[in-house]
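**Q** This is the structure I want to talk about, given as structure tokens.
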Amino acid sequence: MNRLPSCCAPLLHHWPLPRPVPGAELVSCAFDPALLASDDFARAGIEQTASLQRSVAKRQAEYLAGRVCARAALQRLNGLEYVPGTHEDRSPIWPAGISGSITHGKGWAAAVVARDADCQGLGLDQESLLSDARAERLAREILTEAELQRMQAGQTGLTVTLTFSLKESLFKALYPIVRQRFYFEHAEVLAWSTDGHARLRLLTDLSAQWHNGRELEGQFCLQGDQLLSLVSV
């Protein structure tokens, strides 16, 4: 049917981040698992796999919202009517010649897509801001020693949340290219500024091109207590 599921608010076609990515399309929507209807997958024209049927309402709603955004972003990009499936490693299956990323968090989902000719890789991630107390407990699992030393007093919650999110975005952008998993200790955030710009550096060799010491740009924005980050290659 390709209608909006009951659990999803109207789609937004916008660019909330500080720096546009040439050729990229971003679509987002709010969603509410409490409004999920039994026919929402059929209503949206999206396959409900056996594992999704067994999952809780929150998982079903966030999957639906993310795929609805992805389909709309692809339609805006090149008129393609396509819903990304899922690889065995749980990453989305994009059409040939397209790179993209899907994220969902607390009642909000988004997808970004671009042609490979414009962007080799895209990583989009949304996170709820951690409290300073929780961030203190998680800091050593997410930050390298150098990142811990650079962290400024009074910014623990934001710094840890941002570092986590940027590293997630970095993984999403590079994994489809290198097909190799890497973890929080394999990259570092060198610097970030309140205008939403950040710089990252790899600390491991993933390929001849993506090697230890390679630096990349990232960007982010705050929307209330939600942080959205993007790494584009």
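The numbers here are math on the coordinates, done by the rules we state, and not lab data. All of these numbers come straight from a predicted model, not from anything done at the bench. Every residue, glycine among them, receives a Cβ derived from its backbone with ideal geometry; neighbour counts consider all protein chains shown.
**Q** Along each of the three principal axes of the Cα atoms of the stretch 33-178, give the extent in whole Å, ordering the values from largest to smallest.
**A** Principal-axis extents of the Cα atoms in the stretch 33-178, largest first: 49, 40, 26 Å.
**Q** Determine the shape class of the stretch 1-103: with a ≥ b ≥ c the square roots of the Cα gyration tensor eigenvalues, call it rounded for a/c under 1.5, and otherwise prolate if a/b is greater than b/c, oblate otherwise.
**A** prolate
**Q** Under 10 Å, Cα contacts only: if you run a Gaussian network model on the chain, which one of SER128, SER38, SER169 comes out with the highest mean-square fluctuation?
**A** SER38
**Q** Can you bin every Cα-Cα distance in the stretch 129-176 into 10 Å intervals starting at zero and give me the percent of pairs per bin, rounded to whole numbers?
**A** Here the calculated profile for the stretch 129-176 is 28, 53, 17, 2.
**Q** Tell me the angle of helix 57-78 to the major Cα principal axis of the chain, expressed in degrees between 0 and 90 and rounded to the nearest ten.
**A** 90 degrees
**Q** Rank ALA73, ALA30, ALA50 by mean-square fluctuation in a GNM of the chain with C-alpha springs under 10 angstrom and give only the top-ranked residue.
**A** Looking only at ALA73, ALA30, ALA50, the largest GNM fluctuation is found for ALA50.
**Q** Can you give the log10 of the normalised intensity I(q)/I(0) at q = 0.11 Å⁻¹, computed with Debye over equal Cα scatterers of the stretch 62-139?
**A** Listed by q, the Debye log ratios stand at -0.34.
**Q** Among LEU170, LEU162, LEU143, which one shows the highest mean-square fluctuation when the chain is modelled as a Gaussian network with alpha-carbon springs under 10 Å?
**A** Among LEU170, LEU162, LEU143, the largest mean-square fluctuation in the Gaussian network model of the chain belongs to LEU143.
**Q** Can you put THR194, THR49, THR163 in order of Cβ neighbours within 10 angstrom, beginning with the fewest?
**A** So the residues, fewest neighbours to most, are THR194, THR49, THR163.
**Q** Test of understanding: extend the Cα→C-beta vector of ARG76 to 7 Å, then name every residue of the stretch 1-23 with backbone N under 18 Å from that spot.
**A** Residues 3-5, 8-23 fall inside that zone.
**Q** Same structure, new question: Relative to the first principal axis of the alpha-carbon coordinates of the chain, what is the inclination of helix 132-142, with its axis defined by its Cα atoms, in degrees from 0 to 90 and to the nearest 10?
**A** 80 degrees
**Q** If you split all Cα-Cα distances of the stretch 145-233 into 10 Å bins from zero, what percentages do you get per bin, shortest first?
**A** For the stretch 145-233, the binned pair fractions read 17, 53, 26, 4 percent.
**Q** Where a ≥ b ≥ c are the square roots of the eigenvalues of the C-alpha gyration tensor, would you call the stretch 44-84 rounded, which needs a/c under 1.5, or, failing that, prolate if a/b is larger than b/c, or oblate? Write down the numbers at each step before the final one.
**A** Values: a/c = 4.03, a/b = 2.31, b/c = 1.75.
Taking the square roots of the gyration eigenvalues as a ≥ b ≥ c, the stretch 44-84 is prolate.
**Q** Name all residues of the stretch 154-183 having a backbone nitrogen under 14 Å from the label point set 7 Å from the Cα of LEU222 along its Cα→Cβ direction, giving them as ranges.
**A** Counting only backbone N, you get 154-163.
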